[in-house]
Amino acid sequence: MLIVPVFAGTGMYMSTDPPAIFFWTLALYLLDRALTGGRWADWIMAGVAAGLAVQGKFLTVFFVPAAGITVLALPSARSWLRRPHPYVASAAGIGVCLPFLYWNATHGWATFLFNLVYRHEPSPFTWRHPAESLAGQVLALSPGLWFAAVAALVWAARQAVRRKETGTTLLLAAAACPHAYFLYASLRQRVSLHWPACGWVPVLILLAVAWSETAGIAPPWRRWSRQLAVGLCVVMMVLALFAVHAPPSVIESLIGSRRQVGALRTHWAYERFGWDEIGRRAEAARDELLAAQGDARRGVFVLCDEYGLAADLAFYMPSQHATHLWAARRRHGENYRFWDDFATLASQDAVLVSKHLRRMKKTVPVLKHHFEAVGEPEEVPIRVDGRVVRSFFLLRCKGFDGKAPRFMTSGIH
């Protein structure tokens, strides 16, 4: 799994995907043990692992229908419905999720609205989205492994029908549920490459089993194709690591000339640069505003116009001050609505941080409506090897009125 692009990629940056994938895999393993062995410990720990997976990422909730399909599809598994084990396991899983459920119940079910409503804003049907989704999944697994995985699914389906094995049936269901759902979702919207990632775990397990059981009888061309598929996967991973860690001079030579460097500064390849610097500069600007207040000491808070920037800046400022989101409601960053209590910040000054000068300038009219004075944007150039590779921007504001901004939006964008 470590060489598969979708898992290698999610393991390179800070996200909830790695723990969610771990507990999803553990829950599948423990449920298979529980269904075949019947030990109380396996049942209870399967429920706990499933609950922890959902705590990590909501999309692992597909474990529930996968388990249900497996139990209903196999006569040997259906007998467990007359015993207390699965119900105790379900209670254990729900128990693990109680803090998560309580928070949602007291905050308008924000997680459920985000995953089931806001994230799936309907749009007219187009073949483009399903085609993009399919192409994305081919890249997520790598082309060679994707075709091999499809063949392994067909092989596993035949084995499940003939042998009625619990493990094979469970893995097929766990692969089918997320992929079927996101295939349906792609008919109306764009589906991100990593959303169905949990569904690839059982597929890769089935692929490993298929290759193991047919290793001695596979013709030479099939063995060569398997080696080629794994080799291509390794090459894609190496290229991805190179793209993440390549020096700026190499990036510029690959994606543009030096004369285009200004346009390249916002390119994704430069995202890794400058975070320590902007963290120090933002905190320095905050301290300067605070010092200028003299004995009044009304306070200074930090604003960001993107939720991701707000999270990163809170980490990279030396004192790790709290940050606040100053942006229109979008699909992501919804939790800032619950964290930001602007009324408590009344009369304070603020530092706004942005990655884009144009976006900052569009924000100025709203800032002037809520602050007594708004300064001019200050560029924070980020230099690597003596050249400017990107810029951040600071804006100092004084005298906040304590009112949450009302951005003109037509729903969730």
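On the stretch given as region 354-393, residues that are under 28 Å from the mean Cα position of the chain (by Cα) and in contact (Cβ under 8 Å) with a residue 40 or more places away in the chain total 12. Has region 38-46 got any residue that is closer than 25 Å to Pro196 by Cα and either of a type outside the set (Gly, Ala, Ser) or touching a helix residue (DSSP H, G or I) at 6+ places or on another chain (Cβ under 7 Å) (or both)? Within region 38-46, one or more residues are closer than 25 Å to Pro196 by Cα and either of a type outside the set (Gly, Ala, Ser) or touching a helix residue (DSSP H, G or I) at 6+ places or on another chain (Cβ under 7 Å) (or both).
If only one of Ile3, Ile21 is modelled with pLDDT under 90 and either over 13 Å from the mean Cα position of the chain (by Cα) or within 19 Å of Leu172 (Cβ to Cβ) (or both), which one is it? Answer to the selection: Ile3. The residue of region 228-257 that is surrounded by the fewest Cβ atoms within 10 Å (Cβ to Cβ), among those that are closer than 16 Å to Ile382 by Cα and at pLDDT below 70, is Ile251. Looking only at residues of region 211-245 that are more than 30 Å from the chain's Cα centre (by Cα) and small (Gly, Ala, Ser), we find that the one that is farthest from Arg158 (Cα to Cα) is Ser225.
Pairs linking a residue in region 225-240 that is under 11 Å from Ile3 (Cβ atoms) to a residue that is of a type in the set (S, T, N, Q) and surrounded by 18 or more Cβ atoms within 10 Å (Cβ to Cβ), with Cβ atoms under 7 Å and 6 or more positions apart or on different chains, are Leu232/Ser142; Cys233/Ser142; Met236/Ser142.
Among the residues of this structure, Arg331 counts as one that is at pLDDT below 80 and not hydroxyl-bearing (Ser, Thr, Tyr). Taking every residue in region 290-301 that is of a type in the set (Val, Ile, Thr) and pairing it with any residue that is not in a helix (DSSP H, G or I), at least 6 positions away or on another chain, the pairs with Cβ-Cβ distances below 8 Å are Val300/Gln293; Val300/Gln348; Val300/Asp349; Val300/Ala350; Val300/Val351. Among the candidates Phe7, Phe22, Phe63, the residue that is within 25 Å of Ala149 (Cα to Cα) and surrounded by fewer than 21 Cβ atoms within 10 Å (Cβ to Cβ) is uniquely Phe22.
Yes/no per residue for (1) closer than 26 Å to Thr169 by Cα; (2) at pLDDT below 90:
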{"residue": "Ala185", "(1), (2)": "yes, yes"}
{"residue": "Ser192", "(1), (2)": "no, yes"}
{"residue": "Trp195", "(1), (2)": "yes, yes"}
{"residue": "Trp200", "(1), (2)": "yes, no"}
{"residue": "Leu204", "(1), (2)": "yes, no"}
{"residue": "Leu207", "(1), (2)": "yes, no"}
{"residue": "Trp211", "(1), (2)": "yes, yes"}
{"residue": "Ile217", "(1), (2)": "yes, yes"}
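The lone criterion from (1) closer than 30 Å to Arg163 by Cα; (2) at pLDDT below 95 left unmet by Ser90 is number (2). Gly108 passes every criterion in (1) of a type in the set (Gly, Ala, Ser); (2) under 30 Å from Ala41 (Cα atoms); (3) modelled with pLDDT under 85 apart from (2).
Taken over region 25-42, the criterion of being in a helix (DSSP H, G or I) and in contact (Cβ under 8 Å) with a residue 40 or more places away in the chain is satisfied by Thr25, Leu28, Leu31, Asp32, Ala34, Leu35, Thr36, Trp40.
The condition (being in the same structural domain as Leu228 (by TED's automatic domain parsing) and under 19 Å from Leu116 (Cβ atoms)) is satisfied by just one residue among Ala197, Ala149: Ala197.
The set of residues in region 107-144 being polar (S, T, N, Q) and surrounded by fewer than 16 Cβ atoms within 10 Å (Cβ to Cβ) consists of Asn115, Ser123, Thr126. Mind counting the residues in region 69-79 that are in contact (Cβ under 8 Å) with a residue 60 or more places away in the chain and either within 15 Å of Ile94 (Cα to Cα) or of a type in the set (Gly, Ala, Ser) (or both)? Matching residues across region 69-79 total 3.
Listed here are the helices (runs of 4 or more DSSP H) enclosed by region 269-363 that have at least 1 residues being among the basic types (Lys, Arg) and closer than 18 Å to Gly399 by Cβ: 275-292.
Of everything listed in (1) without any contact (Cβ under 8 Å) to a residue 12 or more places away in the chain; (2) in contact with a His (Cβ under 6 Å, 6 or more places away or on another chain), the single unmet condition for Leu101 is (2).
The values are calculated or read from the model by the stated rules, or taken from the named source; none is laboratory data. This one's a predicted model, so the numbers in the text were calculated from it and none came from an experiment. Note that each Cβ is placed from the backbone with ideal geometry, even for glycine, and that neighbours are counted across all protein chains shown.
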